[in-house]
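Working notes for the structure below.
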């Protein structure tokens, strides 16, 4: 499969997805489905974080404690900005103390 076909297919899929939002504006979703949609941003962030964890094995000693700190802060304070700032702060601090080889 060529790269152009792949890009065209992805563009068509994205166009159809966005168009469906305009066409289905009057459709009522079930309350259970709406509750599930509230977790989409959290799941997307978790997927990005999990994908970045295995990026470089040399960084694991810094990334794992930063992830743990962010998770604990999210559990304790239930505020996304506290989680992000705490995790990034631990990552920067440990990265400065223990630079990757």
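A few comments on the model shown:
- Tensor-based shape of the stretch 14-67 (alpha-carbon gyration tensor, a/c under 1.5 rounded, otherwise prolate or oblate): oblate
- Highest-fluctuation residue, 77, 22, 33 considered, GNM on the chain with Cα pairs under 10 Å: 22
- Descending by average beta-carbon neighbour count within 10 Å, the peptides 58-65, 92-99 line up as 58-65, 92-99, the highest first.
- Gyration tensor (alpha-carbon) shape descriptor, the chain, a/c threshold 1.5: oblate
- Length-normalised contact order of the chain in % [C-alpha pairs under 8 Å, at least 6 apart]: 19
- Label-to-label distance, nm, for residues given as residue 12 and residue 97 (7 Å Cα→Cβ offset): 5.4
No lab work stands behind these numbers, since they all come straight from the coordinates. Note that the structure is a prediction, hence the values are computed from the model and not measured. Every residue, glycine as well, gets a Cβ built from its backbone with ideal geometry; the counts of neighbours run over all protein chains shown.
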